[in-house]
1. Inside the stretch 27-128, counting only helices (runs of 4 or more DSSP H) that do not spill past its ends, which hold 1 or more residues that are of a type in the set (S, T, N, Q), modelled with pLDDT of 85 or more and farther than 18 Å from Thr142 by Cα?
2. So, in the stretch 342-381, how many residues would count as being surrounded by fewer than 21 Cβ atoms within 10 Å (Cβ to Cβ), modelled with pLDDT under 95 and basic (Lys, Arg)?
3. Just need a number here: residues in the stretch 423-446 that are in contact with a Ser or Thr (Cβ under 7 Å, 6 or more places away or on another chain), of a type outside the set (Ser, Thr, Tyr) and either surrounded by fewer than 24 Cβ atoms within 10 Å (Cβ to Cβ) or free of Cβ contacts under 8 Å to residues at least 12 places away in the same chain (or both).
4. Scan the stretch 314-334 and tell me whether some residue there is in the same structural domain as Ala420 (by TED's automatic domain parsing), free of Cβ contacts under 8 Å to residues at least 24 places away in the same chain, in a helix (DSSP H, G or I) and surrounded by fewer than 19 Cβ atoms within 10 Å (Cβ to Cβ).
5. Does at least one position in the stretch 386-396 carry a residue that is assigned by TED's automatic domain parsing to the domain that holds Ala506, touching a residue at least 60 places away in the same chain (Cβ under 8 Å) and out of contact with any Asp or Glu (no Cβ under 8 Å at 6 or more places or on another chain)?
6. Quick one: what pairs do we get from the stretch 158-174, first residue over 11 Å from Ile198 (Cβ atoms), second β-branched (Val, Ile, Thr) and part of a loop (DSSP other than H, G, I, E, B), C-beta under 8 Å, 6+ apart or different chains?
7. Kindly indicate the residue of the stretch 150-185 that is assigned to a helix (DSSP H, G or I) and of a type outside the set (Ser, Thr, Tyr) and also modelled with the highest pLDDT among those meeting that condition.
8. Which of the residues spanning the stretch 271-310 are of a type in the set (Val, Ile, Thr) and under 15 Å from the mean Cα position of the chain (by Cα)?
Amino acid sequence: MISIQGKGASVGIAVGPLQFLHREEQTVERHTGGDPYREWLRFTAARDQAVEELAALEQQARNEAGSDAARFFEIHQIMARDPDYAQAISELIHSQRLNAEAAVADVTEQFAAMFAAMDDAYLRERSADVKDVSDRILAALTGVERSRPDFEGPVVLAADDLAPSETMQLDKRKILAFVTTGGSGASHTAILARTMGIPAIVAIGDTLRPEYEGREVIVDGGSGTLVLDPDEAMRERMLKRQQRQQKEVQALRQLKALPSVTADGQKVQICCNIGTPADVYPVLENGGEGIGLFRSEVLFLRRSQIPREDEQFDAYKRVLSAMGGKEVVIRTLDVGADKCPPSMVLPAETNPALGTRGLRLCLNRPDLFRTQLRALYRASAYGTLSIMFPMVTSVWEVKEARKLCRQVRDELRSQGVPFAENVALGVMIETPSAALVSDRLAKVADFFCLGTNDLTQYTLACDRQNSDLGRFYNSHHPAVLRLVKLVAENARANGIRCSICGELAAETDLTETFLALGIDQFSVAPTAVLPLREKVRSIDVSQVRQRVVDDLMNDAIPL
């Protein structure tokens, strides 16, 4: 009996033979010098075919797994028709005279790498969307039909990861569970498995060896444990756990319609992080109470040209309209030399994490900033908008940003363009300097939002992208939590909201700490909303506040 540990992604217990997914590799021919007009027509015809296939998959998903699963294929149709995607392919076909297949492959690699490099786990997993859509278009271009995996009997299916279309085309009667070597809790495999009620483990790594194929395994999608060749005692224990988990899943689903209120009556808002207008769908399906962070830079990172004011306006308007009056916090452009859009040329920097990025870049490029602010204020007429400035270190930076906002409002007013007069202007607290002067920042900001990923990096002087520093990058470090406490106290003293949107926001073992320190809003990936709501509703803040504060300040939390 061998036990292998991964990450639990969809609760449930399954017992059966292990089967690996065997795919046929898709080769892409590459040549130049053809007729660009002909290649462009070939691409558009293949794209249209792909969209038709995705529409059929959407209907199948709706019939078999409900609207949550169907959303994936709605999003894939939008991606296939994305004008930025098409423009990038067109440029390669016309400027380099590439054949359509090579142009699609090159643009796919560029777009997928962009998403894979993002900080947020949910957005990183969108890299798989780009690849899945492009593979479908490539199949249409080459005339190669995508094969549908089939198995003789019920199996525990193992793969590196599964694309939504692969998952949807499987015979669900023959799938006991999913196990993937890669992926995360935000991967499509994880999300679709939860939607369809199929146990799943992700990120199990290369300890799951090909030679294990055909052997019996037990999958515990709750704990993330896979047991190879289980004995009878293990079987019995797992089946009992299965009964308990089924009851827990039913209870979690009931939380979607319930408010996020602590046991002692404190109202808490649980919102979501998104990167594109299409990401609104999972927010609504998971009971998100608003958008706590819309990363506007994703609109820029996907473009070969800086998006025009009308294009930005349209994207912001779509999100605000879809949220039906719930607050949408849009972060202004947050890029730098380490995260540079193809449309912008930024000088190389020795240490881009400490360079011209975020609000610094926007203040140095007022033309770029003004265009975004005009689009944001115009969109504010269609919902409840709040604007947030990233990478703030000083009060004067916020004053300069607010001054530009006033100028844009005056400009729109004189032109007779409608906009909301009550747009809140907030500050993202992600540097120690911003935390330490948060008492003064609170007087020029309408709200705070703690970005714990960067706050941890800058506080500990530890590059969070460096895998060799994994054990040194400790987001639970008392120095980080003490800064959270200071910021929350200064926000409360000045009557403004203090939210948290970094990855720590979804860690339920810290929820009690954050509530005790004064955090009153969380912004997380859509799939984290219900587990977080369950945790919030179980906590009596009045009973734990003093203990948590004492532990933090008296070094009860280990260094």
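1. On the way: elements: 36-65, 67-80, 83-95, 100-116, 121-124.
Passing ranges, in order: 67-80, 83-95, 100-116.
2. Residues flagged as surrounded by fewer than 21 Cβ atoms within 10 Å (Cβ to Cβ), modelled with pLDDT under 95 and basic (Lys, Arg) within the stretch 342-381 amount to 2.
3. 4
4. Taking every residue of the stretch 314-334 in turn, at least one turns out to be in the same structural domain as Ala420 (by TED's automatic domain parsing), free of Cβ contacts under 8 Å to residues at least 24 places away in the same chain, in a helix (DSSP H, G or I) and surrounded by fewer than 19 Cβ atoms within 10 Å (Cβ to Cβ).
5. Yes: the stretch 386-396 contains one or more residues that are assigned by TED's automatic domain parsing to the domain that holds Ala506, touching a residue at least 60 places away in the same chain (Cβ under 8 Å) and out of contact with any Asp or Glu (no Cβ under 8 Å at 6 or more places or on another chain).
6. Ala158/Thr181; Ala159/Thr181; Asp160/Thr181; Asp161/Thr181
7. The extreme case among them is Lys174.
8. Ile274, Thr276, Val280, Val283, Ile291, Val298
The values are calculated or read from the model by the stated rules, or taken from the named source; none is laboratory data. Keep in mind that what you see is a predicted model, and the values were worked out from it rather than measured. In this analysis, Cβ positions are derived from the backbone assuming ideal geometry, glycine residues included, and neighbour counts consider all displayed protein chains.
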